[in-house]
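Before any comments, here is the structure.
Please treat every number below as a calculation from the coordinates, not as lab data. Please read these numbers as outputs of a predicted model, since none were measured by experiment. We place every Cβ from the backbone using ideal geometry, glycine too, and count neighbours over all the protein chains shown.
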Amino acid sequence: MTFREKLVELGACASAREWVGDRTLEQAWAECVEPEWLIWLARKTGEGGSWGALACEAARAVLHLIPEGEGRPRLAVEAAERCLADPSEANYAAAANAAANAAAYATNAAAYAAAYAAAYAAAYAAARAANKTKICRIVRRHVNVEGIRTRLELR
């Protein structure tokens, strides 16, 4: 069975299956620039290490996009990292509080972004492409493609 056939069996989206074409799992894993696809495959196969650590590293990779002086997203990442290192009740409470504050920022940022979407569309697209590549590298560091191959029973 080819990797593309396996993706059909797993219910992968049409655009991912089309992009994969005749690529092997290893080729697709190395060349893919869609972090959502990599994460979907890893989760679908049950492969992966600490998803919390991956999420924190991915969030840190894009913190530079947050306006200067806005610390809530960074504080949420730091709280989550503390919770991963020491899952105490106090750290869970701090992480929940930081996440709520970051969500408030995200809501305000979304409203602001909507108002200025036309002016920032090109810059956002360029930043998104660069960050997607960065996030793919992070996913590859956290997820073992050989584990996926084994779980998919590909030869």
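Between LYS44 and HIS64, what length comes free when the chain is fully extended (0.36 nm per residue of separation minus the Cα-Cα distance, one decimal in nm)?
That pair, LYS44 and HIS64, stretches by 4.2 nm at full extension.
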Can you list the aspartates and glutamates whose alpha carbon is less than 16 Å from that of LYS132, not counting same-chain residues fewer than 8 positions off? GLU31, GLU34, GLU36, GLU57
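Please report the net charge: other residues with Cβ closer than 11 Å to the Cβ of THR45, K and R +1, D and E -1.
+3
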Estimated inter-spin distance, SER15 and ARG74, nm [label 7 Å along Cα→Cβ]: 3.3
Partner lysines for LYS44 [C-alpha distance under 17 Å; skip if fewer than 8 residues away on the same chain]: LYS6
Per residue Cα convex hull volume in Å³ - calculated over the range 15-62: 86
